[in-house]
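Peer 1: Take a look at the following structure, please.
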Amino acid sequence: MFECPNLTRIAITAPTSSMQLMVLIGKYPRLEHLALHNLVVDYVPTQANMVRPGRYIGEYLEPADACIKHLYLKHSTAYDTVKKASVLVSFIMLLLPSLETLATIVDTIQEISGVLCDYKPFYPHLQNIELRNANAHYFKP
């Protein structure tokens, strides 16, 4: 990763691992728009596996030092990828109180809807997140 602390927008079309996604979120605190057009879900943080619909983890996750407002994540529609991506995206939503728009594939939106409903009382910022279909919404940096 390159050093550029004032970076506010990133759009990557090349395959990008979910580990790199987590690094991007932590490395650029002024980043407001992040688009990954080919997310490879090869890593899900252990703590993320506790975030499930109908199962509040019982402890508040510390927000990331980030100000991402718009997040576009497009990934494979394979069943196992959608399941892993849903866990990862749900976790990321909890970490980003600044998040306003999340665009991802429809299958992932359906999976994370339960987390949004169940976790809103504990993470009020979830009420303000607009979910969009990544196939219909092209992110323009």
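Peer 1: Run down V82, V87, V44 and say which single residue is among the hydrophobic types (A, V, I, L, M, F, W, C), outside any loop (DSSP other than H, G, I, E, B) and farther than 23 Å from N128 by Cβ.
Peer 2: V82
Peer 1: Among (1) among the aliphatic types (A, V, I, L, M); (2) assigned to a helix (DSSP H, G or I); (3) at pLDDT below 90, which single condition is A136 missing?
Peer 2: So A136 meets the others, but not (2).
Peer 1: If you go through region 49-70 one residue at a time, do you hit one that is under 14 Å from the mean Cα position of the chain (by Cα), under 23 Å from L126 (Cα atoms) and assigned to a strand (DSSP E or B)?
Peer 2: yes
Peer 1: Got a number for residues in region 33-42 being touching a Lys or Arg at 6+ places or on another chain (Cβ under 9 Å) and either on the phi > 0 side of the Ramachandran plot or open to solvent by 50 Å² or more (accessible area, probe 1.4 Å) (or both)?
Peer 2: 2
Peer 1: If you don't mind, another one. Count, please, the residues in region 7-32 that happen to be assigned to a strand (DSSP E or B) and either on the phi > 0 side of the Ramachandran plot or out of contact with any Asp or Glu (no Cβ under 9 Å at 6 or more places or on another chain) (or both).
Peer 2: 4
Peer 1: Give region 71-110 a look and list any residue that's of a type in the set (D, E, K, R) and within 13 Å of the chain's Cα centre (by Cα), or say none.
Peer 2: Quick first cut of region 71-110, residues of a type in the set (D, E, K, R) only: 74, 80, 83-84, 100, 107.
K74, K84, E100 - these are the residues of region 71-110 that are of a type in the set (D, E, K, R) and within 13 Å of the chain's Cα centre (by Cα).
Peer 1: Further question: Enumerate the pairs (first residue in region 113-133 and open to solvent by 50 Å² or more (accessible area, probe 1.4 Å); second residue anywhere and charged (D, E, K, R)) with beta-carbon separation below 7 Å, excluding pairs fewer than 6 apart on the same chain, so at least 6 apart or on different chains.
Peer 2: Filtered contacts from region 113-133: Q127/K120; N128/E100; E130/E100.
Peer 1: Could you run through region 92-112 and say how many residues are open to solvent by 10 Å² or more (accessible area, probe 1.4 Å) and either of a type outside the set (D, E) or within 23 Å of P63 (Cα to Cα) (or both)?
Peer 2: Number of matching residues: 9.
Peer 1: For the condition under 18 Å from V40 (Cα atoms) and of a type in the set (A, V, I, L, M), what is the one hit in A66, A78?
Peer 2: None of the other options fit; the residue is A78.
Peer 1: For residues that are hydrophobic (A, V, I, L, M, F, W, C), under 24 Å from V23 (Cβ atoms) and either part of a helix (DSSP H, G or I) or free of Cβ contacts under 8 Å to residues at least 12 places away in the same chain (or both), tally how many sit in region 90-112.
Peer 2: 6
The values are calculated or read from the model by the stated rules, or taken from the named source; none is laboratory data. As the structure is a computational prediction, the values presented were derived from the model and not from experiment. Note that we place each Cβ from the backbone using ideal geometry, even for glycine, and neighbour counts take in every protein chain shown. Each accessible area value is taken on the protein alone, full model and side chains, heavy atoms only, with ligands, DNA and RNA left out. Shrake-Rupley method; radii C 1.70, N 1.55, O 1.52, S 1.80 Å.
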